[in-house]
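Comments concern the structure below.
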Amino acid sequence: MFIVILIGIGYASAQEDIQKVFRKRMEQPAGGTMASLVQRMARSFLGTPYVAYTLEGNPKEVLVCRFDGLDCTTLVENAIALAVARQKGLDYPGFQQELTQLRYRDGVINGYTSRLHYFVDWLHENQERGLLTDVTAQLGGVPYSKDIHFMSNHPNLYPTLESEDQWEKVKEIEKEVNSRKYHYIPQYSIRKVEPLLRDGDIVGITSSIDGLDCNHQGIVTKIGTRAYLLHASTTAQKVVLSTQPLAEYVASIKKHTGIIVARMAE
């Protein structure tokens, strides 16, 4: 009983801390475009420690919200959900609902496979609900023809997929993902496209790894005509603004092949 009480107190304290941080973020100016608000929210996390696998390890799929440690995915999701909450004047439960809508298929938590694990699937779902638009093709992108199957081919990396039923569900999701058409901007074309990118654009960095759509993601910050990536960096072990422009950053990592670009709807 004593242990249970301690755990309960610890959880309540953590939730109180999160809500304090949330209220502080809601003091951000609300003016400008949604994209500029997303960028401001992302910048407010500069220096926050990088923490991997923040959404994993729960016996049951639940909404995880952390502001004290982020990976590349949770940085982007937090920045967007906070921006929407600020624009709409939402309270913390409203923010949690926005985060759920972003992260889960149809905005419903229904087990591990309801989470949008692949960037292209996440992009498709959130475009369908009108939150953002895939602008890769209009920026000059070319077809991204790749069979996505990394999760089902590497179930050992995902403990939940030890279940045959869960593995089959992932296979079905991958089949649906592969039925759609995607575009990307190859690494050698990014420099030419950088002037067309905008503050607050969401960038998924495509992968050379077999079966995987994207290795990484972040948010664009423009300095002059050059674009830089605001992201949770595994190298720096914190949220940073890249020291190299986007084209050079992508080219510097062998497994990166190009970018997919999403733009917030207004």
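The values are calculated or read from the model by the stated rules, or taken from the named source; none is laboratory data. Since this is a predicted model, take the numbers as computed values, not measurements. Here Cβ is always computed from backbone atoms with ideal geometry, including for glycine, and neighbour counts include all displayed protein chains. Areas reflect the complete protein model, heavy atoms only, side chains present, ligands, DNA and RNA absent. Shrake-Rupley method; radii C 1.70, N 1.55, O 1.52, S 1.80 Å.
Figures for the structure shown
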read-out: Number of positions in the range 96-138 that are part of a strand (DSSP E or B) and among the hydroxyl-bearing types (Ser, Thr, Tyr); value: 2
read-out: When residues of the range 213-266 are limited to those that are closer than 30 Å to Ile173 by Cβ, among the basic types (Lys, Arg) and surrounded by fewer than 19 Cβ atoms within 10 Å (Cβ to Cβ), the one nearest to the chain's Cα centre (by Cα); value: Lys255
read-out: Matching residues, the range 37-96, being among the small types (Gly, Ala, Ser) and on the phi < 0 side of the Ramachandran plot; value: Ala42, Ser44, Ala52, Gly69, Ala79, Ala81, Ala83, Ala85, Gly94
read-out: Given (1) open to solvent by 40 Å² or more (accessible area, probe 1.4 Å); (2) assigned to a loop (DSSP other than H, G, I, E, B); (3) over 16 Å from Gly218 (Cα atoms), number of the condition Thr54 does not satisfy; value: (1)
read-out: Options Leu123, Leu116, Leu132, Leu157: the member that is closer than 23 Å to Ser208 by Cβ, of a type in the set (A, V, I, L, M, F, W, C) and touching a strand residue (DSSP E or B) at 6+ places or on another chain (Cβ under 6 Å); value: Leu123
read-out: Residue within the range 125-133 that is in contact with a Lys or Arg (Cβ under 7 Å, 6 or more places away or on another chain) and closer than 21 Å to Asp71 by Cβ present; value: yes
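Per-residue answers, yes or no, for (1) small (Gly, Ala, Ser); (2) touching a residue at least 12 places away in the same chain (Cβ under 8 Å); (3) surrounded by 15 or more Cβ atoms within 10 Å (Cβ to Cβ); (4) in contact with a helix residue (DSSP H, G or I) (Cβ under 6 Å, 6 or more places away or on another chain):
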residue	(1), (2), (3), (4)
Thr100	no, yes, yes, yes
Tyr104	no, yes, yes, yes
Ser114	yes, yes, yes, yes
Asp134	no, yes, yes, yes
Pro143	no, yes, no, no
Asn156	no, no, no, no
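Okay, residues lined up against (1) surrounded by 20 or more Cβ atoms within 10 Å (Cβ to Cβ); (2) of a type outside the set (Val, Ile, Thr); (3) touching a residue at least 40 places away in the same chain (Cβ under 8 Å):
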site: Val76; (1), (2), (3): yes, no, yes
site: Ala79; (1), (2), (3): yes, yes, yes
site: Gly89; (1), (2), (3): no, yes, no
site: Tyr92; (1), (2), (3): no, yes, yes
site: Gln97; (1), (2), (3): no, yes, no
site: Gln127; (1), (2), (3): no, yes, yes
